[in-house]
1. So is Ala280 in contact with a Gly (Cβ under 7 Å, 6 or more places away or on another chain) and modelled with pLDDT of 85 or more or not?
2. Limited to segment 112-145, what total is found for residues that are farther than 15 Å from Val102 by Cα, part of a loop (DSSP other than H, G, I, E, B) and either free of Cβ contacts under 8 Å to residues at least 24 places away in the same chain or not β-branched (Val, Ile, Thr) (or both)?
3. Sort out which residues of segment 163-191 are in a strand (DSSP E or B) and crowded, with 18+ Cβ neighbours inside 10 Å, and write them in order of number.
4. Select, from Asn176, Asn205, the only residue that is of a type outside the set (D, E, K, R), farther than 21 Å from Gly263 by Cα and outside the structural domain of Val59 (by TED's automatic domain parsing).
5. Return the total of residues in segment 197-213 being among the hydrophobic types (A, V, I, L, M, F, W, C) and either farther than 30 Å from Thr62 by Cβ or free of Cβ contacts under 8 Å to residues at least 24 places away in the same chain (or both).
6. Looking at Asp134 and the list (1) modelled with pLDDT of 90 or more; (2) within 27 Å of Ala224 (Cβ to Cβ); (3) surrounded by fewer than 13 Cβ atoms within 10 Å (Cβ to Cβ), which single condition is not satisfied?
7. With respect to Ser125, determine if the residue is surrounded by fewer than 21 Cβ atoms within 10 Å (Cβ to Cβ), touching a Ser or Thr at 6+ places or on another chain (Cβ under 6 Å) and outside the structural domain of Ile244 (by TED's automatic domain parsing).
8. Among the residues of segment 25-34, which ones are more than 17 Å from Leu76 (Cβ to Cβ) and in contact (Cβ under 8 Å) with a residue 12 or more places away in the chain?
Amino acid sequence: MKIKLSLQNLNTFAAAAQTLSFQAAAAILHVTPSAVSHQIRNLESVLGYPLFERLDKAVKLTHRGQQLYLDITEPLQQIHQASRKALRCTDDLSLALSVAPVFATRWLLPRLKDFRAQYPNVSLSVVATSSIADFRNDPFDAAIRMGSGHWPDTLSTRLFNKCIVAVCHPNLLIKNGGQFGIEQLSTQSIIHNASMKGLWQEWLNSTGLSTFPIPTGIEVPSTAQVLEAISAEEAIGLVDLNFIDQDIKDGRLVYACSHQLSGDDGYFLTYPETLYDRTALQIFKQWLEAQIEGNIG
C-alpha cells in the first residue's frame with residue numbers, strides 16, 4: 001500500500017519551518033495555531049518521526065525536519081507560483097505582496113489585524129520569501145525588500161533604514177560582567193546569517209577595525225534561526241534593531257556591545273511603475289507609512 005503525503009500538510013509544515021512558529025505560520029495561512037499543530041502532527045504520524053522539537057514558547061526543527069524542509073521548499077514554491085499565476089486577480093482592490101521573511105514575521109504580520117480592520121474591502125495576499133521578486137514573471141504586485149531601493153523598472157518607497165546591532169541572551173552578558181568590547185568578540189562564539197553573507201565583516205569594518213579577524217561560530221539559514229541560536233545563551237548574533245526593539249525593551253535580548261551599523265540601505269516597498277495607480281497599492285502604502293510614523297512617534 002502506497003503512503004501519500006497531504007500537500008496541505010506539507011504546505012503547513014513549510015510555513016512553520018520557515019518561521020519556526022506555529023502562530024506565525026497560522027497568520028500566513030489564515031488558519032488557527034491549533035490547526036497548524038494538528039496538520040503537522042498528522043504529517044509526523046504518517047512519516048513515523050518528529051519534525052519539530054516543541055519548546056516552551058517556540059519550536060525547533062529536528063534533523064529530519066530540516067532535511068524535509070530543504071527537499072520540499074523549491075517544489076512548493078513552484079506550485080504556489082503556478083497557482084497564483086492561474087488565479088491572479090487584477091481587481092483594483094487586491095494586492096499580492098512578496099515580503100522578506102524577517103519583515104513578515106517580526107514586523108508586518110503582527111500589524112495585519114489593524115490593516116484588515118481599517119480596510120476590510122482590500123484583498124491582501126502576503127507570501128514570505130527571500131527570493132527577489134521578478135514582477136515580469138512572478139505572481140506579485142509589490143514586494144518588501146532590503147537593499148538600496150534601486151531596482152530596474154520599479155518604483156520604491158523607503159520604509160526605514162537598516163540598523164544592525166550585536167545582541168545576545170542576558171545571561172551571556174551577566175557572565176561577562178557587562179557589554180563586550182569589540183576585541184573581546186574574538187573569544188566568543190558568534191552566529192552567521194547565511195541569508196546576509198558578509199554582514200559580520202561589514203559590521204566590523206564600520207567599527208574602524210577592518211583588519212580585525214571575524215570570530216568563529218555557527219552558520220544558520222535566516223534571522224529567525226539567529227534569534228533561536230541566541231536563546232541558547234552561548235552566542236552573539238547580528239540583527240536589525242527594527243525587528244527586535246520590543247525584545248530589547250522587555251529584556252529578552254540585550255546589546256552585546258554598543259556599536260551599531262547603519263547606512264543608506266534599508267527596507268523598501270517596491271512595485272512596477274505600471275501598478276502605481278492601483279487603489280490597493282496606494283492604500284497599503286499609506287497604511288505602512290502611518291504605521292512607521294506611529295512607531296517613531
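1. For Ala280, the condition - in contact with a Gly (Cβ under 7 Å, 6 or more places away or on another chain) and modelled with pLDDT of 85 or more - is not met.
2. 12
3. Taking segment 163-191 first, the residues in a strand (DSSP E or B) are 163-168, 189-191.
Result: Ile164, Val165, Ala166, Val167, Cys168, Ile190, Ile191.
4. Values: Asn205 fails: farther than 21 Å from Gly263 by Cα.
After applying the criteria, what remains is Asn176.
5. Taking segment 197-213 first, the residues among the hydrophobic types (A, V, I, L, M, F, W, C) are 199-200, 203-204, 209, 212.
Filter again for either farther than 30 Å from Thr62 by Cβ or free of Cβ contacts under 8 Å to residues at least 24 places away in the same chain (or both), leaving 203-204, 209, 212.
So the count comes out to 4.
6. Against the list (1) modelled with pLDDT of 90 or more; (2) within 27 Å of Ala224 (Cβ to Cβ); (3) surrounded by fewer than 13 Cβ atoms within 10 Å (Cβ to Cβ), Asp134 comes up short only on (1).
7. Here the answer is no, as Ser125 does not meet what is asked.
8. Matches in segment 25-34: Ala27 only.
The values are calculated or read from the model by the stated rules, or taken from the named source; none is laboratory data. Owing to the predicted nature of the structure, the values given are computational and were not obtained by experimental measurement. Positions of Cβ are backbone-derived with ideal geometry, glycine not excepted, and every protein chain shown enters the neighbour counts.
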